[in-house]
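Chemist: Attaching a single structure in structure tokens format; questions to follow.
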Amino acid sequence: MEYFLELFMGGLTRGSIYALIALGYTMVYGIIELINFAHGEIYMIGAFTGLIVAGLLTMLGFPGPAILVIAIVCAIIWAAAYGFTIEKMAYKPLRNAPRLSPLISAIGMSIFLQNYVMLAQTSDFLPFPELIPHFAFIDNMGSILSSAELVIILATVASCVGLTLFIKFTKLGKAMRATAQNRKMAMLVGVNVDMVISATFIIGSSLAAVGGVLIASHIGQINYYIGFIAGIKAFTAAVLGGIGSLPGAMLGGLVLGLTEAFATGYVSSDYEDVFAFLLLVLILIFRPSGIMGREKTQKV
Amino acid sequence: MTAGCDNFAHAVRKSFLAALWFVFLTFPIMVIRVNTIEKTVVWNWHRIGYVALAVFFGSFVWRWLLARKELKKDDSRNESRVESLLTKLQSHPVMKYAALGLLALAAIAYPQVFDLYQTNIMISCLVYIVLGLGLNIVVGLAGLLDLGYVAFYAVGAYAYALCNMHWDIGFWYMLPIGAVLGAVLGILLGFPVLRLRGDYLAIVTLGFGEIIRLVLENWGDVTMGPSGISSIARPGLFGIKLGVVGSTQYMYYIMFGVLVLTIFCVNRLQNSRIGRAWLALREDEIACQAMGIDKMKTKLMAFALGATWAGMAGVVFAAKTTFINPASFTFWESAIILSIVVIGGMGSIRGVIAGAIILILVPEYLREFAQFRMLLFGAIMVLVMVFRPQGLISAKRKVYEYKVAATGAAND
């Protein structure tokens, strides 16, 4: 039972990180129908920015929780800046191009960013300081759920709730929903579509950056390649829940995280990533619209 | 965006701002490198200067290219100079055959003139051309973005390596078997993903490629895991034992033969009924179905035929390097092959050949820049998509022109 609970909590932690990254995929897809392949790389850049800031601050002797907050804020700023720039350079000029073009451009961007970080930093694994302090809650719960896991899950829940409220009640959120439904119509009623798209990229990138710093501090090491696998898995989560739907992305993230945790715990840990890919392939084949997605009729 | 050209001061200001923005953007990752264990920080201030300069001048080029693209929008005949030269060459039958003959002679003489190293590079370039032409069927002609193409390549290579190790099956038997295996796997992948297209298809094929690679890496009993399979037999020449130089030259000629066969087949396919169906599928799937084309058959054919060449190239690759491991079949390999097709020109045989030569040969000779190779690939992929989506050499369909006095009307 304890093993089961441990796996469950581990899965929940993984799942919440996937959900955080998946929100970015799902928002961008909802609005411009593009799989932002470079999204995983933004998560990676967020983690690297977090590492650099945290490294500098530890040397200056800041206290742990302060470092965590500042690192996350800096990661958000830079990741958002990257997301914004990428959209302007690689996707905006292709708004009206055939569908394959932005996708290839996105893949190119992803390759570029990975190699850029690899060349500027290193290709080795870099140790990441443990930013989330240990604290004991109930004695025997400690081995099942660490404080880092608790922080990650809580941060995800907070981000999700915040984002949902933002989309529901703010003017920009309303504009986003309008743009997602029909871009041309939104433009006609006075929505600044370019601004909405930029905002979507900025918000999505910020969430990915939060995920990047939290998971890096939990795992304890990062390298330039982490964005690729995380990106694919987050995409799986987004598709699993139904791409374009925010609650779907959260649910998909949790389902994927739990599936992975139990599969590696009870079946085999060698094939960890295979389970995620298999789940992705199966979902796309049998229910491409995902758990919470709607079937979309195709327009000619 | 077009305003940048007529107002110089404005352009300078914009470029300056862009440079500032990129300095801010790249600052942490380019400048600071921390080591949290030894508690050391390395500051690379000089890099920021490079970034600023590169962005400042790059911004002018970017603006100029955007402006040029705007101007060319209504000009339907935007051919590059190389292309129009090629077109002219092709319309002259005498010139065409003379050029082809010269090319063939040069190719045959190549390994005799150049040394072993050059020949080896050329072989890998030829392998990539074949891979590119294979992927070109799937991506360029049928418009199905396949990011797991390397899986078929891996299957060909592993099939040869394993069969050679266990049952001592020779190269010449495995070449067609590898092709068939590729085709079968292509159909197996094609069946479940028939309903998907575009982005979803890209992701599923990517997942499929990764699954194959992970299985190769983890199924140690069969595939030897990450350490790979070594001392794979080179192809024999009627039982004659060849030295290193001889076998490399022999490999070159085999690969050249495979390439000629590939070009012949792909060219014939392109203009065949099924090739036309692929183009229709690429342009509009629903309209294509409405025209009575069997979508399922067409898609499966594209997957199967594309994978055939990958399977064959895999066998040649294993025979050439005599050592394979899963590290040769990562997603990056798929990305390289894709960029060959994309940068060269989707759907164009000449484009794919040009793309492979540029992307494989040029980095080999610019060894100092080898580490920037993938960085440049990524950047070029974005730039090509933004500024020249048809690639370096765009595909041309046969156009039958009907000229009425001065104004000509063109029909497809």
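Chemist: Quantify how strongly other chains surround peptide A:55-65 by giving the mean number of their Cβ atoms within 10 Å of each of its Cβ atoms.
Modeler: 2
Chemist: Then there's this: For B:ILE393, what residues show an amide H to amide H distance below 5 Å, using hydrogens built from the backbone and excluding near sequence neighbours?
Modeler: Residues meeting the criterion, in which the H sits 1.01 Å from N, are B:GLY345.
Chemist: Please give the length that would be gained between B:VAL260 and B:VAL12 if that part of the chain were fully extended, namely 0.36 nm times their separation in residues minus their C-alpha to C-alpha distance (nm, one decimal).
Modeler: Values: separation 248, 0.36 × 248 = 89.28 nm, distance 5.08 nm.
Using 0.36 nm per residue and subtracting the Cα-Cα distance, I get 84.2 nm.
Chemist: Moving to a separate point now. Taking each residue in A:41-52, count the Cβ atoms of any other chain within 10 Å of its Cβ, then average. What number comes out?
Modeler: For this peptide, the per-residue mean of nearby foreign Cβ atoms is 2.
Chemist: If the limit is 23 Å between Cα atoms, which of A:LYS92/A:LYS184; A:LYS88/A:LYS184; A:LYS92/B:LYS14; B:LYS14/B:LYS69; A:LYS171/A:LYS233 go over it? Mind showing how you got there, number by number?
Modeler: Numbers: A:LYS92/A:LYS184 16 Å; A:LYS88/A:LYS184 19 Å; A:LYS92/B:LYS14 18 Å; B:LYS14/B:LYS69 19 Å; A:LYS171/A:LYS233 31 Å.
From the list (A:LYS92/A:LYS184; A:LYS88/A:LYS184; A:LYS92/B:LYS14; B:LYS14/B:LYS69; A:LYS171/A:LYS233), the Cα-Cα distance tops 23 Å for A:LYS171/A:LYS233.
Chemist: Longest exposed-loop-site-free stretch of chain B, with chymotrypsin sites (Phe, Trp or Tyr not before Pro), DSSP loop and at most 14 other Cβ within 10 Å?
Modeler: Maximal segment without exposed cleavage sites: B:1-113.
Chemist: Evaluate peptide A:92-98: per residue, the Cβ atoms of other protein chains within 10 Å of its Cβ; return the mean as an integer.
Modeler: Mean shielding count: 3.
Chemist: Right, another one. For the range B:104-127 and the range A:32-66, what is the separation of their Cα centres, given in Å?
Modeler: 47 Å
Chemist: Hey, another quick one. For chain B, which DSSP H helices look membrane-span-like by this rule: Cα extent along the axis of 24 Å or more and mean Kyte-Doolittle of at least 0.5? Could the numbers behind the result be given before it?
Modeler: Numbers: long enough: B:8-26 (27 Å, 1.27); B:45-72 (41 Å, 0.45); B:93-113 (29 Å, 1.30); B:116-135 (28 Å, 1.67); B:150-167 (25 Å, 0.92); B:171-190 (27 Å, 1.96); B:198-218 (30 Å, 0.95); B:244-270 (38 Å, 1.16); B:295-321 (39 Å, 0.74).
Helices meeting the criterion: B:8-26, B:93-113, B:116-135, B:150-167, B:171-190, B:198-218, B:244-270, B:295-321.
Chemist: Could you pull out every whole DSSP H run in chain A that spans at least 20 Å of Cα extent along its own axis and averages 0.5 or higher on the Kyte-Doolittle scale?
Modeler: A:2-32, A:39-60, A:64-86, A:100-120, A:147-169, A:193-219, A:226-241, A:246-266, A:272-286
Chemist: What distance in nm separates the simple spin-label points at B:LEU194 and B:ASN271, each placed 7 Å from Cα in the Cβ direction?
Modeler: For B:LEU194 paired with B:ASN271, the spin-label model returns 3.1 nm.
Chemist: Sort B:GLU38, B:GLU364, B:GLU333, B:GLU70 by Cβ crowding within 10 Å, fewest neighbours at the top.
Modeler: So the residues, fewest neighbours to most, are B:GLU38, B:GLU70, B:GLU364, B:GLU333.
Chemist: Another one. By its C-alpha gyration tensor, with a ≥ b ≥ c as the square roots of the eigenvalues, how is the range B:310-351 shaped: rounded for a/c under 1.5, else prolate for a/b larger than b/c, else oblate? List each step's numbers first, then the result.
Modeler: Numbers: a/c = 3.48, a/b = 1.78, b/c = 1.95.
Since a/c reaches 1.5 but b/c is at least a/b, the shape of the range B:310-351 is classed as oblate.
Chemist: Another one. Could you give each residue of the range B:219-232 its phi-based ³J(HN,Hα) in whole Hz, using Karplus coefficients 6.51, -1.76, 1.60 with θ = phi - 60°, and x for Gly or Pro?
Modeler: With coefficients 6.51, -1.76 and 1.60, one gets 8, x, 4, 9, 9, 6, x, x, 6, x, 10, 10, 6, 7 Hz.
Chemist: Sort A:LEU103, A:LEU131, A:LEU256 so the one with the fewest other Cβ atoms within 10 Å of its own Cβ comes first.
Modeler: On the way: A:LEU103 22, A:LEU131 26, A:LEU256 29.
Fewest-to-most Cβ neighbours within 10 Å comes out as A:LEU103, A:LEU131, A:LEU256.
Chemist: A follow-up question, please. Which of the peptides A:88-100, A:163-175 is most tightly packed, and how do the rest follow, going by the mean number of other Cβ atoms within 10 Å of each residue?
Modeler: Details: A:88-100: 16.8, A:163-175: 14.2.
Ranking, from highest mean packing down: A:88-100, A:163-175.
Chemist: Under a GNM of chain A (C-alpha, springs under 10 Å), which listed residue has the highest mean-square fluctuation: A:GLY50, A:GLY242, A:GLY61?
Modeler: A:GLY61
Chemist: Using a 10 Å cut-off around each Cβ, can you sort A:LEU207, A:LEU56, B:LEU71 from fewest to most neighbouring Cβ atoms?
Modeler: Exposure proxy ranking, most exposed first: B:LEU71, A:LEU56, A:LEU207.
Chemist: Placing +1 on the Cβ of each Lys and Arg and -1 on the Cβ of each Asp and Glu in chain B, which of B:MET346, B:LEU86, B:ILE129 has its Cα farthest towards the positive end of the resulting dipole?
Modeler: Farthest along the dipole direction, towards plus: B:LEU86.
Chemist: Under the definition of Cα pairs under 8 Å and six or more residues apart, what whole-number percent is the relative contact order of chain A?
Modeler: 36 percent
Chemist: Identify which of B:MET312, B:MET291, B:MET251 has the largest mean-square fluctuation in a Gaussian network model of chain B, with springs joining Cα atoms closer than 10 Å.
Modeler: Of the options given, B:MET291 has the highest mean-square fluctuation.
Taken together, the values in this text are just the output of simple stated rules run on the coordinates, not laboratory data. It should be emphasised that the depicted structure is a prediction, and the values quoted were computed from it without experimental measurement. With ideal geometry, Cβ positions are generated from the backbone for all residues, glycine too; neighbour counts draw on all protein chains shown.
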